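Student: If you scroll down you'll find the structure; I have some questions about it.
Where a number appears in this text, it was derived from the coordinates with a stated rule and is not lab data. It should be emphasised that the depicted structure is a prediction, and the values quoted were computed from it without experimental measurement. Please note: Cβ atoms are built from the backbone with ideal geometry, for glycine as well, and neighbour counts cover all protein chains shown.
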Amino acid sequence: MSLTMGSLFDGIGGFPLAAQRAGIRTLWASEIEPFPIKVTMERFPEMVHVGDITKLKGADLPPVDIICGGSPCQNLSVAGNRNGLKGSQSGLFYEMIRVIKELRNADRERGRTAQSVRPRWCVWENVPYAKLYIRHIMRCK
């Protein structure tokens, strides 16, 4: 079975490049910056660019086994303003969660159940201080 992936906050396609080397095919990517999009269009001409994460509807995206992304870190980094996930840039992390939930709900509506619901895995990359904010969120739920 060949695994598939969707890349959020794609940048210049670091996750898709690693995935390709592991035999995983990236079907689509979300990025808004023109230069990184040009880079990935050259590296991965078959990958569909789906645009701004805030405008995506998970139900409209092709289902994938893996979602990856490195949401903006400006509000999490020691070099930033430390507003955490409430910050306008780093708060885009919640858009990633929304898209994943929408993808999974759409897969359930298509009849998939239990462990067959996609995406099955999520890979999130960020700065070391991000874990402090995530731990706080988990305690509050």
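Student: Quick one: which residues, 5+ away or cross-chain, put their amide H under 5 Å from the amide H of VAL48? H built at 1.01 Å from N.
Tutor: TRP28, ALA29
Student: Rounded, prolate or oblate: which one fits segment 16-60, using the alpha carbon gyration tensor with axes a ≥ b ≥ c (rounded when a/c is under 1.5, else prolate when a/b beats b/c, else oblate)?
Tutor: Here segment 16-60 falls in the oblate category.
Student: Packing-wise, with mean Cβ within 10 Å as the measure, how do 6-12, 119-125, 109-115, 99-105 rank, highest first?
Tutor: 6-12, 99-105, 119-125, 109-115
Student: I would also like to ask the following. Within segment 1-54, which GluC sites (Glu not before Pro) sit in a loop by DSSP and count at most 10 neighbouring Cβ atoms inside 10 Å?
Tutor: Taking segment 1-54 and a limit of 10 other Cβ atoms within 10 Å, the loop GluC sites (Glu not before Pro) found are GLU46.
Student: What are the ³J(HN,Hα) values, in whole Hz, obtained from phi via the Karplus relation 6.51 cos²θ - 1.76 cosθ + 1.60 with θ = phi - 60°, for each residue of segment 38-45 in sequence order, with x given for Gly and Pro?
Tutor: Couplings: 4, 4, 6, 5, 6, 6, 10, x Hz.
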